[in-house]
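Reviewing the structure listed below.
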Amino acid sequence: MKVALIQFKPTENCNKNLKHSIELINKTEPVDLIVFPECFLSPFGSDFTLDRDEVLETFSDLAKERNSVIVAGSIPEETDEGCYNTSFVFDRNGELVGKHRKIHMYDANLPGVVTNESERYISGDTPTVFETDLGKMGLLICFDLRFPDLFVQCAKEGAHTIIVPAAFSKKTGKDHWELLLRARALDSQSYVLGCGCAENEDNSFVTYGHSLAVNPYGEVQAQASNDEEIVYFEFNPEDIEEYRKMLPVLKQYNERN
């Protein structure tokens, strides 16, 4: 299974971001799975000015054209009850096979970084597991990364890989991003793929980048810098059982519950 993590560098111009994201998909090597970051079309502090249905149709068509599963980062999902920060997944046939509504909002009060995501979005209520020809995979978004139980639940539901589109801040990224991804891989005994937005000092919210892939033993297998790039990672999902036999953490979770 070959993966491309597209560490996208968003501007605050939605139309420009959409055009560039299409360009990057079309220059990506043939892969099974393509992942974009959280809020890649409208970074924090900017407005989403695109037609959501047209955006989803675009990524559906691209999934078919490239014969790849595409995790379309996250975009605002307006509903009658409010707006969710949602990641949409399309299979190789362009069918919508999963979506994750971010559960935990980034309401942070740090020196130099004050963010109240809950003023813009409402919370989802469950972790997401979806299935394609690649097997079962989990899907969570950014601040969900700080809640180990969500990752364990995905693994208990059969996910061999958990995908985390993110827009981690530069402020906390250097201290927490890699640490959290490696810890969640250990917690869930799963492959964990963290895809972040590249750093752009021109944006009002500056992100960290450093997208990475971690194996179930907590080892970093591939990693980006802070700039825009495509990170490739290849692995065999069937190896997951060997990792889980070495340290039977999930087995004991199931026995306890």
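What follows draws every value from the coordinates through simple rules; no lab data is involved. Just so it is clear, the model here is predicted, and its values are computed rather than measured. Cβ: placed from backbone, ideal geometry, glycine included. Neighbour counts: every protein chain shown.
Observations
- Peptides 34-43, 156-165 ordered by average Cβ neighbours within 10 Å, highest first: 34-43, 156-165
- Translational diffusion coefficient (Stokes-Einstein; Kirkwood radius from C-alpha pairs) of the range 120-257 at 25 °C, 0.890 mPa s, in µm²/s: 159 µm²/s
- Given +1 at the Cβ of Lys and Arg, -1 at the Cβ of Asp and Glu and no other charges, the dipole of the chain around its Cα centre is 660 debye to the nearest 20.
- Under 5 Å, built H, 5+ apart or other chain: amide partners of T128: L139
- Helical mean residue ellipticity (222 nm; -39500 (n - 2.57) per DSSP H run of 4+; nearest 500) of the chain: -7500 deg cm²/dmol
- Dipole moment magnitude, nearest 20 debye, the range 1-68 about Cα centre, only Lys, Arg, Asp, Glu C-beta charged: 300 debye
- Considering only Cα atoms, the convex hull volume of the range 11-65 works out to 78 Å³ per residue.
- Evaluated at q = 0.07, 0.13 Å⁻¹: base-10 log I(q)/I(0), Debye formula over Cα of the chain: -0.21, -0.75
- Dipole orientation for the range 2-256: of the candidates V129, N67, L56, V129 has the Cα lying most toward the positive pole (charges on Cβ; Lys, Arg +1; Asp, Glu -1).
- Each of the peptides 143-155, 45-57, 190-202, 215-227 was scored by the mean count of other Cβ atoms within 10 Å over its residues; in descending order, highest first, they stand as 190-202, 143-155, 215-227, 45-57.
- Take 174-185, 10-21 and order them by the average number of nearby Cβ atoms within 10 Å per residue, most first; the result is 174-185, 10-21.
- The range 129-252: Lys pairs at Cα distance under 24 angstrom, eight or more positions apart or on different chains: 5
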